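Read-outs: derived from the displayed coordinates by stated rules, not from any lab. Only a predicted model underlies this, so the values are computations on that prediction, with no experimental measurement involved. For neighbour counting, all protein chains shown are included, and Cβ atoms are generated from backbone atoms with ideal geometry for every residue, glycine included.
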Amino acid sequence: MSYTDAFFYFFAALTVGSALVVTFSRSVIYAAFALLFTFLGVAGLYVLLQADFLAVAQIMVYVGGILILLLFGVMLTTRVTNAEITTGTVQGLPATVVVGILLGTLILLVSRATWNVQESLPDVTGTTTEIGERLLTTFLLPFEIAGILLLVAIMGAAMIARSTDKTKEAA
Amino acid sequence: MIESYIPIFLILAVAVVFGVVSANMSWLLGPQRPNRAKNSTYESGMEPVRTAHDRFSVKYYMVAVLFILFDIEVVFMYPWAVQYRNLGLYGFVEMVVFIGILLVGFVYVIKKGALQWD
């Protein structure tokens with residue numbers, strides 16, 4: 001086992017382990033914090049797949065952004081102390097049947113699929129330069145359209161904030 | 001290629017180990033004679049009032065949403081910055097257009113007063 005394999009198993013264990021915490025944690029806030037490590041583990045896996053730009057984007061957008069938003073959402077909406085999810089187990093038999101069928105299908109798919117396995121990774125020296133090159137030449141229009149999409153999102157967020165202010169004034 | 005990530009991984013490992021060790025070291029080495037005053041929440045000498053687990057103002061959410069949007073802008077700037085020398089003036093103008101589009105949104109947000117903290 002090479003050290004690359006060791007890194008893979010480390011990041012895979014981190015991802016799966018923290019994902020299990022997200023799933024089984026009864027506190028929303030603990031689940032949100034565990035999600036941090038899931039995102040981090042996925043970023044590590046991206047690095048091992050030589051997708052360095054994707055790893056950076058994953059850390060910046062998901063770990064740095066989406067997760068903050070998620071935590072803010074939890075802190076805004078619920079009283080953190082009362083944020084225990086107590087879900088009872090209902091419909092046990094139908095759920096077992098449905099989940100069993102789903103699991104069987106997935107196992108069947110995984111075992112029958114032809115995995116495109118290669119002995120070694122092609123030697124790529126960083127994807128970021130190529131992405132930068134293509135983004136501003138071949139894919140210039142989609143790039144600028146992405147800018148407009150972000151503009152629309154900014155305006156939408158401002159509109160929502162505005163409307164909450166109005167309801168505050170009316171009340 | 002993978003080898004170049006080892007320093008980053010080392011920094012990550014050192015950060016985690018340092019955090020865990022220093023957080024537990026004071027518990028391990030320090031004397032433990034707790035009393036009521038010591039166990040109360042430190043609030044710069046003030047008596048703490050109400051619970052710390054309070055709901056946050058929705059205004060923080062607005063800041064977080066805007067942060068993500070400008071965060072994504074930076075993600076787009078990263079590959080451009082790497083290729084800046086090769087793309088030259090052409091790339092510079094294109095990025096100015098891109099930032100210009102987002103600047104319109106920023107001006108709109110300020111004009112709307114969405115960032116005002118009243």
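A few points about this structure:
- Cβ-derived FRET efficiency at R0 22 Å, residue B:11 paired with residue A:119, nearest 0.05: 0.10
- If R0 is 41 Å, the Cβ-Cβ spacing of residue A:12 and residue B:28 corresponds to a FRET efficiency of close to 0.80.
- Chain B: calculated mean residue ellipticity at 222 nm from DSSP helix runs of at least 4, using -39500 (n - 2.57): -23500 deg cm²/dmol
- Top of B:100, B:30, B:91 by mean-square fluctuation, Gaussian network on chain B, Cα under 10 Å: B:30
- Residues residue B:21 and residue B:86, FRET efficiency given R0 of 51 Å [Cβ-Cβ distance, rounded to 0.05]: 0.70
- Estimated D of segment B:2-112 in µm² per second, where Rh is the Kirkwood radius over Cα pairs and Stokes-Einstein applies at 25 °C, 0.890 mPa s: 122 µm²/s
- Annotation: segment A:1-88 has a Kirkwood hydrodynamic radius of 13.9 angstrom, from the mean reciprocal C-alpha pair distance.
- Angle between chain B longest axis and helix B:59-82 axis [Cα atoms, degrees, rounded to 10]: 50 degrees
- Angle of helix B:6-29 to the longest C-alpha principal axis of chain B, folded into 0 to 90 degrees and rounded to 10: 20°.
- Between residue A:4 and residue A:99, the distance separating the two model label sites (each 7 Å from Cα on the Cα→Cβ line) works out to 3.7 nm.
- Helix B:84-112 vs. chain B, principal-axis angle (Cα, 0 to 90°, nearest 10): 60 degrees
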